[in-house]
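**Q** My questions all concern the structure below.
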Amino acid sequence: MIILKIIELIKGLFNGSRDDKDKTLSFEVKCNKCKKINEIKVLKTYDIATVYEDSQPGNYKLKKYIVCPDCYNKIHLEIFFDKRYQIITSECNNGDLL
């Protein structure tokens, strides 16, 4: 019985958890320089921060710099989310959030 639980734990390490989709958010950002569409995946627990200031909109904030792999253009992405991780406002410099 214990051996079966250990095997299940090891399988979970290699297969990933079933709720990975609940832990991540995906975005597509189009580079203004070369027009390449880049897929960005962020972790809710690592990349997204809680907003404590009343002057900023939303409950969560993502601030990310993306470097386009084709032209090395630096894209600045800033997104504010509500409690359900729905986008409230977004700003994307040197690129477009799709």
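Bear in mind that the values in this text are calculations on the coordinates, not laboratory data. Source: prediction; values computed, not measured. Please note: Cβ atoms are built from the backbone with ideal geometry, for glycine as well, and neighbour counts cover all protein chains shown.
**Q** Would you mind checking 41/63; 44/64; 36/61; 33/64; 36/83; 35/83 for any pair whose Cα atoms are more than 21 angstrom apart?
**A** Beyond 21 Å between Cα atoms: 36/61; 36/83; 35/83.
**Q** Any chance you could give the angle, 0 to 90 degrees and rounded to 10, that helix 2-15 forms with the longest Cα principal axis of the chain?
**A** Helix 2-15 sits at roughly 20 degrees to that axis.
**Q** Please work out which option in (i) 1.47; (ii) 1.40; (iii) 0.95 gives Cα Rg over 2.2 N^0.38 Å calculated from these coordinates, and answer with its label.
**A** It is the one labelled (ii).
**Q** Using the Cβ atoms and a cut-off under 11 Å, what net charge is assigned to the surroundings of residue 35, where Lys and Arg are +1 and Asp and Glu are -1?
**A** On the way: positive: 30, 33, 36; negative: 70, 96.
Around residue 35, the charge tally is +1.
**Q** Quick check: net charge around residue 75, other residues with Cβ under 14 Å of its Cβ, Lys/Arg +1 and Asp/Glu -1?
**A** Values: positive: 30, 33, 35, 36, 63, 64, 74; negative: 28, 39, 70, 78, 91, 96.
Charge balance in the 14 Å sphere: +1.
**Q** Could you check the spin-label model distance between residue 78 and residue 6? Points 7 Å from the Cα along Cα→Cβ, value in nm.
**A** Rounded to a tenth, the inter-label distance reads 5.2 nm.
**Q** Which longest uninterrupted range of the chain lacks any trypsin sites (Lys or Arg not before Pro) assigned by DSSP to a loop state (not H, G, I, E or B) and surrounded by at most 13 other Cβ atoms within 10 Å?
**A** 36-82
**Q** Here is a further query. Once you mark the chymotrypsin sites (Phe, Trp or Tyr not before Pro) that are in a DSSP loop and have at most 15 other Cβ atoms within 10 Å, what is the longest gap between them in the chain?
**A** Longest gap between qualifying sites, sites excluded: 1-45.
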